[in-house]
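Notes follow once the structure below has been shown.
The values are calculated or read from the model by the stated rules, or taken from the named source; none is laboratory data. Quantities reported herein were computed from a predicted structural model and do not represent experimental measurements. We place every Cβ from the backbone using ideal geometry, glycine too, and count neighbours over all the protein chains shown. Accessible surface is based on the protein model in full, side chains and every heavy atom, while ligands, DNA and RNA are left aside. Shrake-Rupley method; radii C 1.70, N 1.55, O 1.52, S 1.80 Å.
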Amino acid sequence: MTTSINYEDKIPNNVDLSSDRKLQRALEGWQPKFMNWWGEMGPTLETQGVYLRTAVSVGREGWAHFGHVNVPDYRWGIFLAERDPKRTIAFGEHMGEPAWQQVPGEYRADLQRLIVIQGDTEPASVEQQKLLGLTAPSLYDLRNLFQVNVEEGRHLWAMVYLLHAYFGKEGREEAEGLLLRNSGSPDSPRILGAFNEETADWLAFFMFTYFTDRDGKYQLGTLKESAFDPLSRTCEFMLKEEAHHMFVGTTGVDRVVERSATLIREHDTLDIAPRGGIPLDIIQKYINFHYTVSLDLFGGETSTNAANYFTAGLKGRWQETRRKDDHLLTEDGFFLERPTAEGAWEREELSALLALNLDLRGEYIADCETGIKRWNRILDTAEIDFRFALPHPGFNRSVGVSAGFHVTPDGTIIDEATWERARHKWLPTDEDLAFVRSMMRPVYERGKIASWVAPPRNGINGKPFDYEYVYLT
Ligand code: BYC
């Protein structure tokens with residue numbers, strides 16, 4: 001195991017793939033299927049080259065190489081963080097034992113399920129974003145979209161490697177399935193709800209990379225704690241790539257808010273739609289939508305699945321090793337607010353083990369608040385009397401204790417008729433979506449940008465904003 005990556009093999013890797021001919025052949029058999037899938041379901045826009053980063057090493061420093069790449073020639077491969085031979089299991093009933101290098105028989109089904117769910121999200125997001133290249137607001141943004149897409153494709157490779165290397169025939173079949181389900185397909189949809197929603201415009205893309213990729217960060221963070229060492233090391237490296245995706249989301253929303261604030265100041269009105277900007281109330285509705293479908297990705301607030309995964313050592317908590325408790329949680333409690341049929345919130349004490357999804361969701365919510373603070377700071381600096389807020393976690397939920405209830409963004413439980421009358425104030429309406437879509441016109445001239453978004457403060461890898469990030473046909 002080395003930190004540098006072998007690019008001589010057909011499949012770039014740092015797992016010494018050529019020493020296992022059977023595995024290498026199986027993965028080389030999957031590779032053309034992946035390429036077919038990429039051709040059919042990947043980005044629609046054809047280019048002559050995109051300024052992309054490619055991993056050259058998994059070490060702490062200098063892991064990325066930047067250069068123009070013809071996208072289908074991107075070297076997708078298998079990169080695991082370096083192995084720590086002394087790593088021990090940090091939680092659950094196997095705590096203190098050496099991390100597993102193979103899958104224990106009794107946990108095979110659960111581990112496979114976790115890997116398949118994780119793997120399923122990666123190609124799904126590429127499918128959701130397929131058409132966005134046709135309407136990019138600048139070459140800089142277009143380049144970021146491709147970067148996110150190729151790395152999600154690589155994350156699929158990461159999970160497929162684990163399935164092929166450790167789960168035998170069933171794993172290989174699951175790897176095929178990952179290319180057969182498709183986002184939004186009526187017959188074989190992606191597994192998790194948020195990955196069947198269309199990412200129809202660039203504001204949605206920025207929200208997705210802020211809120212949904214951030215769920216990815218937290219889920220990968222818990223899988224990084226896994227006792228199954230190859231999964232842990234895989235997720236550790238994926239998290240490095242994921243950081244850029246969230247950067248795209250955070251700064252993307254920053255730039256939309258910044259531009260809207262400028263237009264509001266310039267024209268002294270919140271009604272900036274006729275001036276080429278996205279009104280703040282529409283941005284808030286997008287936040288409400290993307291945040292809440294992402295909350296659904298944490299599963300139910302009480303989950304025996306999560307408790308079993310933790311006790312078995314398959315999935316830990318966020319920053320498990322830094323937590324100062326017994327890492328068993330058999331004695332600890334957690335409070336859950338549950339909506340009641342009478343329209344009130346009831347406080348229920350749960351075993352901390354059952355509330356692990358809630359624990360992770362709490363970390364996520366705190367992180368999402370930092371975005372809201374940033375965006376409000378932009379409004380504050382522009383002296384605009386409007387503030388963004390995250391809605392109550394019971395709002396617009398399809399999974400967990402609030403599913404089946406109607407909850408307003410401030411947490412009031414209401415009846416269906418009241419919800420139906422008011423939902424247009426809280427969630428993007430067809431008109432809002434059509435309006436945002438009408439703003440999405442491609443701007444492919446170097447150094448130019450669409451009217452609804454401010455240019456970035458910095459370019460990529462020290463290049464200026466007007467650099468030719470993408471060569472178009
Ligand atoms: N949609 O015990 P429960 C990313 C099912 S994003 C549909 O409450 P659990 C990325 C559940 O399967 C991160 N079904 O939930 C981001 C279960 O079914 P069974 C992806 C759902 O199992 C951007 C039942 O409901 N990674 O990487 O504790 C771009 C009861 O479940 C949903 C992972 O999620 C849903 N939302 O937690 C690209 C990590 N939620 O068993 C990539 C792996 C629940 O009754 N997955 N159900 O048939 C997991 O850890 C867990 O499976 C979940 C669910 C957190 C998803």
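Structural remarks
- With all protein chains in place and a 1.4 Å probe, the accessible surface of segment 62-117 carries 50 percent carbon and sulfur.
- Computed Kirkwood radius, in angstrom, where 1/r is averaged over Cα pairs of the chain: 23.4 Å
- Extension gain (nm, one decimal) between Ser18 and Thr429, 0.36 nm per residue minus Cα-Cα: 142.6 nm
- Mean projected area (nm²) of the alpha-carbon convex hull when segment 370-473 is viewed from all directions: 10.6 nm²
- Protein heavy-atom surface of segment 382-445, 1.4 angstrom probe: 50% of the accessible area is carbon and sulfur, with nucleic acids and ligands not counted.
- Sparse-neighbourhood loop sites, trypsin sites (Lys or Arg not before Pro) in segment 50-94 - DSSP loop, at most 11 other Cβ within 10 angstrom: Arg60, Lys86
- Prolate/oblate/rounded label for segment 105-204 (Cα gyration tensor, a/c 1.5): prolate
- Taking all protein chains into account, the per residue accessible area for segment 319-423 stands at 55 Å² (1.4 Å probe).
- A simple charge model with +1 on the Cβ of Lys and Arg, -1 on the Cβ of Asp and Glu and nothing else charged puts the dipole of the chain at about 1260 debye relative to its Cα centre.
- Cα Rg over Rh - segment 315-398, Kirkwood: 1.09
- Averaged over its residues, segment 166-256 has an accessible area of 29 Å² per residue, based on protein heavy atoms and a 1.4 Å probe.
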